Protein chains: 2
Amino acid sequence: MGIEAVKNKAMEIAMKIKKLGQDDPRRIIHSIKVGVALTLVSLFYYWKPLYDGFGASGIWAVMTVVVIFEFTVGATLSKGLNRGLGTLLAGSLGVGVNYLANLSGQKGEPFVLGIFVFLIAASATFSRFFPGIKARYDYGVLIFILTFSLVSISGYRMDEFLTLAHQRLSTILVGGAICIMISILVFPVWAGETLHNSVTSNINKLADYLEGFGGEYFYCCEDGEHGVATEKDKSFVEGYKAVLNSKSMEDSMANFARWEPKHGKFRFRHPWKHYLKIGSLTRHCAYQIEALNRHLCPQLQTQDPSQLRRMIEVPCKTLSSESGKALKALATGMKAMTNPSPSSQVHLNAAKSAMNDLKDSLKLTTAQTTNLLAIIPDATVASILIEIVKSVEDLSEAVVELSLKAHFKSIEATVSPEKPQLLHKGTINPFVEAEDEQPHVVIRVRGTEDEDLTEKKGSSGTTSLPT
Amino acid sequence: MGIEAVKNKAMEIAMKIKKLGQDDPRRIIHSIKVGVALTLVSLFYYWKPLYDGFGASGIWAVMTVVVIFEFTVGATLSKGLNRGLGTLLAGSLGVGVNYLANLSGQKGEPFVLGIFVFLIAASATFSRFFPGIKARYDYGVLIFILTFSLVSISGYRMDEFLTLAHQRLSTILVGGAICIMISILVFPVWAGETLHNSVTSNINKLADYLEGFGGEYFYCCEDGEHGVATEKDKSFVEGYKAVLNSKSMEDSMANFARWEPKHGKFRFRHPWKHYLKIGSLTRHCAYQIEALNRHLCPQLQTQDPSQLRRMIEVPCKTLSSESGKALKALATGMKAMTNPSPSSQVHLNAAKSAMNDLKDSLKLTTAQTTNLLAIIPDATVASILIEIVKSVEDLSEAVVELSLKAHFKSIEATVSPEKPQLLHKGTINPFVEAEDEQPHVVIRVRGTEDEDLTEKKGSSGTTSLPT
């Protein structure tokens with residue numbers, strides 16, 4: 001029994017390790033990269049010519065590798081540069097202070113040094129509370145305090161601080177260079193790319209929710225196997241929740257991305273800050289979805305559908321699924337770094353017109369009911385959906401702004417993203433079919449992009465959830 | 001002009017420094033503490049007897065102080081213990097591996113060592129991806145890799161790794177002890193206390209919003225100087241926004257608090273995890289307030305108040321302000337670590353009865369209006385407020401649970417927090433006065449607590465915003 005339990009525990013841990021690696025194989029690669037970097041650095045000890053050059057201070061290279069090798073290139077660069085700069089500044093300051101302390105004679109030296117160490121450590125520590133410094137130079141200031149203390153204190157004893165400073169600097173340079181090279185050259189993990197993918201995937205999660213919401217909320221209005229639908233749609237209902245707390249991760253990725261050189265489709269000065277704006281708008285929309293989601297609880301849905309619910313069903317479903325498709329098209333375009341596709345604008349317009357339909361049907365409702373309480377859930381859902389269209393529009397504008405700032409490729413030069421002249425080039429027939437089919441839009445474009453666009457429409461059609 | 005500009009810049013920075021210190025004076029104290037700790041540690045160099053004992057490895061003590069001295073006691077303890085444990089484990093493993101490598105002869109030694117360094121560095125790096133390890137032992141694993149590499153690599157050259165390991169350990173112990181003692185004994189900043197205060201202050205922020213909301217939303221229904229009111233109430237409208245992104249801070253504080261010994265009113269094993277639950281419920285409520293807040297925009301309010309708005313005004317105002325008062329009473333009790341005061345339950349009950357009033361008036365509405373769209377904002381506000389009562393109740397239950405788990409003091413032994421027998425001991429007269437006065441509840445209790453409670457009622461009355 002005891003052996004059985006140990007076996008089970010071991011199996012469990014093995015499964016966990018496997019899952020962790022499968023979820024993100026870059027983790028395994030990163031671990032191997034750290035192992036390789038450390039083994040390379042140990043050459044300083046194993047290989048005699050190198051050892052003779054650097055001596056025992058090769059341990060600084062080992063320390064540098066362990067401490068600065070981070071998961072993303074940006075974090076590694078940021079730590080490496082912070083460490084290099086902090087050491088350099090503190091080293092020169094330490095030399096200066098030592099010179100000053102020497103002037104004050106044998107007795108006064110420790111006092112002068114002590115006062116300097118106290119003052120500089122205290123003020124540098126205080127500077128770490130500045131939000132700007134904390135976000136980007138926290139590690140540099142730490143290393144500054146460390147190096148300054150070491151150089152000035154050991155300078156008092158050893159009288160060879162110049163050697164110490166020089167050895168430290170050169171080994172840090174070597175260790176840092178090995179880290180940065182391995183980090184960049186061997187299967188690099190870019191913070192910028194991670195941020196880009198995370199922001200687009202968050203938009204996608206909202207899109208999934210919105211595409212699925214209409215079918216889920218109104219399912220009781222239809223006959224058929226809703227049990228199956230809820231089973232299948234569970235995933236989209238939970239997806240958006242990860243967006244709610246995405247701020248801190250996005251902030252740190254944006255900070256790391258600033259340090260990264262040109263990679264893939266990203267320039268050196270890619271507008272990473274703008275991703276934070278898009279992220280914040282995405283979260284804003286996620287809060288609205290959180291409000292919407294509270295109305296998906298079963299006890300609200302088992303009630304007999306009210307007259308109002310029947311009336312708002314079609315515009316609400318269209319609004320929600322078109323908003324979702326608009327977001328999905330935005331996310332797809334953003335991910336591929338092309339200008340926002342006209343289809344996102346088309347879906348947004350469809351969502352807006354559904355919003356107007358919804359408003360119209362609400363306006364024209366002769367509310368015969370004497371029980372306003374019964375229709376309040378539906379009225380609230382309608383109200384939140386109307387707000388969501390505004391959020392989607394804001395998000396769309398922010399993505400357009402990003403595409404301009406980051407010089408995204410345009411798919412077609414004659415189509416400006418704000419006012420799609422596509423509308424004048426082809427025909428758009430919004431039509432609503434029988435109740436059991438989701439309303440959709442058929443776009444026909446005269447020109448060479450014909451195939452491309454219909455294909456896009458087709459693919460977004462297949463990802464939409466059955467209603 | 002140039003001098004003027006420099007002067008202005010310097011003034012600006014000085015103001016920023018002053019503000020940073022004023023916002024949280026603990027920052028200044030922390031900086032001074034770090035300075036003192038470093039100056040103490042430099043005694044290892046200045047004072048001859050100590051230097052003779054530790055030699056040049058006193059730099060490890062300096063390094064330890066700089067690296068592990070964090071703002072809160074919990075973070076310092078966590079880093080210190082991680083560093084100590086990581087060094088100890090890696091040191092003994094390093095000794096073992098060195099012994100193994102020695103067996104394989106002069107030629108084989110570097111290969112065996114290299115393979116071990118690679119394997120252990122790679123697998124330890126991978127373990128840092130486990131969420132549980134990342135949250136609590138990340139630094140320990142880092143130090144483990146570092147120490148293992150240093151001990152095993154330098155063991156190959158120096159043949160004196162035992163001395164190295166021993167010196168490192170003892171200086172780390174001394175440096176760590178200095179940090180931990182200064183951190184705990186001199187104006188300690190406890191992570192647990194910070195978490196406790198931050199969670200209660202977040203509940204307070206929501207309470208402020210709810211207490212103010214009614215007056216703000218319905219101000220156009222009343223005559224008088226609403227301009228002044230909006231000016232004055234600006235702060236409460238923004239306060240809740242800080243709650244939305246509070247998760248990462250609370251998570252890390254809860255992780256640090258686990259390491260802290262008994263302090264103030266907190267035991268060693270205070271249920272810190274439960275604060276995360278309360279924090280998450282608080283954020284849930286903040287999302288609802290975010291939805292509510294969207295209806296405070298001016299263009300919605302300048303419209304002529306609808307019939308519905310006039311009708312729901314009184315119950316909505318009561319509901320919102322009573323929910324706010326219930327939260328405030330909860331936060332006050334929680335902050336003082338006393339059992340949830342009966343007054344919070346009284347306010348919650350008042351909010352619930354206002355919710356029923358609201359539901360009743362919605363039910364009885366003969367919706368004469370033919371324009372449902374016009375009343376949708378009011379209906380949505382009513383619907384969100386109804387949901388907020390549920391959230392406040394959940395929050396209240398979670399606080400009661402905490403008070404049981406953490407053995408909060410009770411103010412009166414005969415009053416159980418769930419079913420306040422107070423109701424049977426005294427009289428509660430909810431009454432609603434003329435429109436210009438806020439409805440409130442008068443509580444009279446027979447017994448010794450009389451003065452206490454009426455005072456509480458009085459003070460909560462003064463903090464409520466004028467409607």
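The values are calculated or read from the model by the stated rules, or taken from the named source; none is laboratory data. Remember, predicted model here, so these are calculated numbers, not experimental data. FYI the Cβ positions are ideal-geometry reconstructions off the backbone, even for glycines, and counts take in every protein chain you see. For accessibility, only protein heavy atoms count, side chains too; no ligands or nucleic acids. Shrake-Rupley method; radii C 1.70, N 1.55, O 1.52, S 1.80 Å.
See the values below:
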| read-out | value |
| --- | --- |
| Inter-copy spacing of B:E393 label points, which lie 7 Å from Cα along Cα→Cβ, given in nm from shortest upward | 3.8 |
| Separation in nanometres of the label points that stand 7 Å from Cα toward Cβ, at A:R269 and A:A135 | 1.8 |
| For A:K107, label point 7 Å along C-beta direction: distances to other copies, nm | 6.6 |
| Of all accessible heavy-atom area on region A:3-185, the percent that carbon and sulfur account for (1.4 Å) | 72 |
| Size of electric dipole in region B:78-192: Cβ of Lys, Arg +1 and of Asp, Glu -1, about Cα centre, debye, nearest 20 | 280 |
| Efficiency of FRET between A:S410 and A:S201 - r from beta-carbon atoms, R0 25 angstrom, step 0.05 | 0.60 |
| Size of charge dipole - region B:3-185 - debye, nearest 20, with Cβ of Lys, Arg +1 and Asp, Glu -1, no other charges | 540 |
| Residue among A:V117, A:V62, A:N102 farthest towards the positive dipole end of region A:3-185, charges placed on Cβ | A:V62 |
| Using a 7 Å Cα-to-Cβ projection, A:V6 label spacings across copies, nm, ascending | 7.3 |
| Kirkwood hydrodynamic radius over Cα pairs of region B:3-185, then Stokes diffusion coefficient at 25 °C and 0.890 mPa s, in µm²/s | 131 |
| A:I178 accessible area, assembled protein chains, probe 1.4 Å, Å² | 40 |
| Cut-off 11 Å between beta-carbons: net charge of the residues surrounding B:C285, Lys and Arg +1, Asp and Glu -1 | -1 |
| FRET efficiency, B:M181 to B:L88 (Cβ-Cβ, R0 22 Å, nearest 0.05) | 0.60 |
| Surface per residue (accessible, 1.4 Å probe) for region B:3-185, Å² | 47 |
| Peptide B:30-37 - average C-beta neighbours from other chains (10 Å radius) | 6 |
| Distance histogram in 5 Å bins (all Cα pairs of region A:322-391, percent per bin) | 4, 16, 20, 18, 13, 10, 8, 5, 3, 2, 1 |
| 1.4 Å probe, heavy atoms, protein only - residues of region B:114-137 losing at least 50 Å² accessible area vs chain alone | B:F118, B:T125, B:F126, B:F129, B:F130 |
| Members of A:K390/B:K205; B:K33/B:K262; A:K247/B:K277; A:K277/B:K277; A:K205/A:K277 lying beyond 24 Å, as alpha-carbon distances in this model show | A:K390/B:K205; A:K277/B:K277 |
| Gain on full stretching of the segment that runs from A:V95 to A:L169 - 0.36 nm per residue minus C-alpha separation | 25.3 nm |
